[in-house]
Amino acid sequence: MINYFIVFFISMVPLIELRAAIPYAIALGLPVVPSYIIAIIGNMLPVPIIYLFARKVLIWGKDKPVIGKFFTFCLEKGEKGGKKLQATAGRGLFVALMLFVGIPLPGTGAWTGTLAASLLDMDFKSSIIAVMLGVILAGLIMGAASAGLFGALGAIFG
């Protein structure tokens, strides 16, 4: 039971999110489906809060001593990700956000994607749905990778 709590909390941590939680669960030998569901719930839990409050808090704190540099870094990262998404996607911003969150690369994920959606003034409902679909996709990719699917395919076709 404690291991499921660890999976849940790992999936909430910015930058590593469920990309670390799912491999951790599989490494411990936990059942895949419950671990996957718990990791998705943990990864999605902060998303509405990030969307509604992160930009306001970051803008408030960017000129404060001690926290200013970090808050400015977060704002710049979100704005950069948002501009990149918008430039790439044009009117397909929903799909671009989903893929940005869903393809498990460093610097992508629910936290960054939600902040980018907030900075781009995407509507709340579309942002949450796109991020959720992206988290589900990332979970499937990480589950398959952790189970050795990609290594097995490489061995067969390589």
Being free of Cβ contacts under 8 Å to residues at least 24 places away in the same chain and within 19 Å of residue 48 (Cβ to Cβ) narrows it down to one residue among 67, 59; which is it? 59
Pull up the range 101-119, narrow it to residues that are open to solvent by 40 Å² or more (accessible area, probe 1.4 Å) and among the hydrophobic types (A, V, I, L, M, F, W, C), then point me to the one that is modelled with the lowest pLDDT. 105
Are any of the residues in the range 48-71 out of contact with any Ser or Thr (no Cβ under 6 Å at 6 or more places or on another chain) and under 19 Å from residue 138 (Cα atoms)? yes
Within the bounds of the range 136-145, is there any residue that is under 30 Å from residue 27 (Cβ atoms) and open to solvent by 80 Å² or more (accessible area, probe 1.4 Å)? yes
Picked from the range 8-37 (must be hydroxyl-bearing (Ser, Thr, Tyr) and in a helix (DSSP H, G or I)), the residue surrounded by the most Cβ atoms within 10 Å (Cβ to Cβ) is 35
Scanning the range 51-84 for residues that are open to solvent by less than 70 Å² (accessible area, probe 1.4 Å) and of a type in the set (Phe, Trp, Tyr) gives 51, 71
Quick one: residue 46 ticks every box in (1) in contact with a helix residue (DSSP H, G or I) (Cβ under 6 Å, 6 or more places away or on another chain); (2) open to solvent by less than 40 Å² (accessible area, probe 1.4 Å); (3) touching a residue at least 40 places away in the same chain (Cβ under 8 Å) bar one, so which box is it? (1)
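The values are calculated or read from the model by the stated rules, or taken from the named source; none is laboratory data. Keep in mind that what you see is a predicted model, and the values were worked out from it rather than measured. Reconstructed Cβ throughout: ideal geometry from the backbone, glycine too, with neighbour counts over all protein chains shown. All accessible areas refer to the heavy atoms of the entire protein, side chains included, with ligands and DNA or RNA removed. Shrake-Rupley method; radii C 1.70, N 1.55, O 1.52, S 1.80 Å.
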